[in-house]
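Heads up: the structure comes next, in structure tokens.
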Amino acid sequence: MFDYSKLKGKIKEVFGTQSAFAKAMGLSGVSLSSKLNNITHFTQVEINRACELLSIPVEFIPVYFFTEKVKTS
């Protein structure tokens, strides 16, 4: 499971809503939601496109897309 909280914050900062970001990505709102909720995964092409749209430098991809959720007991 990945923690997409930083990505969600960046989406809100740049696009205002997940719906507007999904449209810019060429995804449905449901498809984006399933990715952000760890139901399906982002493809390499989608990660690259998201970084372009959100101005995320390549070296920060791990921070936004591959930070694992911390399990709480």
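The values are calculated or read from the model by the stated rules, or taken from the named source; none is laboratory data. None of these values were measured; they are calculated from a predicted model. As a convention, Cβ positions derive from the backbone with ideal geometry for all residues, glycine included, and neighbour counts pool all protein chains shown. Side chains included, ligands, DNA and RNA excluded: accessible areas come from the protein's heavy atoms. Shrake-Rupley method; radii C 1.70, N 1.55, O 1.52, S 1.80 Å.
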PHE66 and VAL45 label points (each 7 Å along its Cα→Cβ direction) are spaced in nm at 2.1
The chain: Kirkwood hydrodynamic radius (Cα pairs, Å) comes out at 12.4
Those trypsin sites (Lys or Arg not before Pro) from the chain that are DSSP loop and have at most 16 other Cβ neighbours within 10 Å turn out to be LYS69, LYS71
For the chain, the percent of accessible surface on carbon and sulfur atoms (probe 1.4 angstrom, ligands and nucleic acids excluded) is 56
Sorted by chain and then number, the residues having a modelled amide H within less than 5 Å of the amide H of THR67, at least 5 places away or on another chain, are ASP3
